[in-house]
Amino acid sequence: MKGKFELIVFDLDGTLVDSDAVVMNAFNYALQPYGQKVDFVGLEKIRSRSPQEVFEGFVPKDEWKNAFGRLASYSEANLIGTPAFPGIKEILEKLRKKNVKIALWTGRDLESAKKILRANAIDGYFTCTVGGCMVSKNKPYPDGLSLVAEQLLVSPEKIIVVGDHVHDMEGTKKFGSLFVGASWSRPVGNNFDLGQTDFIFHTVDDFGVWLESVF
């Protein structure tokens, strides 16, 4: 497989950083003034929405900016609660030394994504970062991945995408790239369709070993 791929694109939450608890708490902090609360099932239903739509059905339409501001402020105040998974920085460093193009495609807004990358001292590894606010359709649509490919001038078949969620997989397959399931944040009970996942890894170490055969 060596020499076949030019670009590796990572998802952020659940793939590079362990953010499940902070994301859940941030949404509930944002919803608190409105007497609303969301659980993991509810969060799954709204996580791919745009910032303008993410609180639809939870807060009045003219209040979404206030709710989103609370979401952002909680997330920023708790950056220490979104650490990179052990071994991720070492993998990024190895890829950089091999001159592999590395990009980030996340469903969250660009500003908070950059803050999380900086907090973990891994922001310098990415030649392109695309957030959900930069495209008209967020994951599971491939618009964000398409923007990455356009900016870095790489065709779909030369791209590997690494993500922890079925939305990452669906967008990747629609775009025509290879998808790697990152199951180390949820080793049991992930919702990948194994028929569509090209590869799946339950530990960062196993993923790193596989990468050695690719780049």
How many residues does segment 2-47 hold that are touching a helix residue (DSSP H, G or I) at 6+ places or on another chain (Cβ under 9 Å) and either of a type in the set (Phe, Trp, Tyr) or within 30 Å of Lys97 (Cα to Cα) (or both)?
-> 20
For segment 115-128, how many residues meet the condition of being part of a helix (DSSP H, G or I) and not aromatic (Phe, Trp, Tyr)?
-> 7
Pick from segment 177-215, criterion aromatic (Phe, Trp, Tyr) and at pLDDT 85 or above, ranking: nearest to Ile91 (Cα to Cα) | Phe207
Inspect segment 129-149 for any residue being touching a Cys at 6+ places or on another chain (Cβ under 6 Å), over 15 Å from Leu7 (Cα atoms) and not in a strand (DSSP E or B) and give the result as yes or no.
-> no
Consider Ser112 carefully, then state whether it is of a type in the set (S, T, N, Q) and touching a Phe, Trp or Tyr at 6+ places or on another chain (Cβ under 8 Å).
-> no
Can you tell me which residue within segment 91-127, out of those that are out of contact with any helix residue (DSSP H, G or I) (no Cβ under 8 Å at 6 or more places or on another chain) and either basic (Lys, Arg) or free of Cβ contacts under 8 Å to residues at least 60 places away in the same chain (or both), is surrounded by the most Cβ atoms within 10 Å (Cβ to Cβ)?
-> Arg118
Do we find a residue being of a type outside the set (S, T, N, Q), within 30 Å of Gly3 (Cβ to Cβ) and not in a helix (DSSP H, G or I) anywhere in segment 107-114?
-> no
Those residues of segment 128-155 which are surrounded by 22 or more Cβ atoms within 10 Å (Cβ to Cβ), closer than 26 Å to Glu90 by Cα and over 12 Å from the mean Cα position of the chain (by Cα), in sequence order = Val148, Ala149
Mind counting the residues in segment 128-175 that are over 21 Å from Ile46 (Cα atoms) and out of contact with any strand residue (DSSP E or B) (no Cβ under 7 Å at 6 or more places or on another chain)?
-> 7
Scan Asp109, Asp143 and give me the residue that is at pLDDT 95 or above, out of contact with any Leu (no Cβ under 8 Å at 6 or more places or on another chain) and closer than 28 Å to Gln52 by Cβ.
-> Asp143
Quick check: anything in segment 151-163 closer than 25 Å to Ala72 by Cβ and not in a helix (DSSP H, G or I)?
-> yes
Helices (runs of 4 or more DSSP H) wholly inside segment 28-99 that include at least 3 residues being in the same structural domain as Gly144 (by TED's automatic domain parsing) and among the aliphatic types (A, V, I, L, M) = 88-97
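The values are calculated or read from the model by the stated rules, or taken from the named source; none is laboratory data. Quick caveat, the model's predicted, so the values are computed rather than measured. Cβ coordinates were reconstructed from backbone atoms using ideal geometry, including for glycine residues, and neighbour counts include every protein chain displayed.
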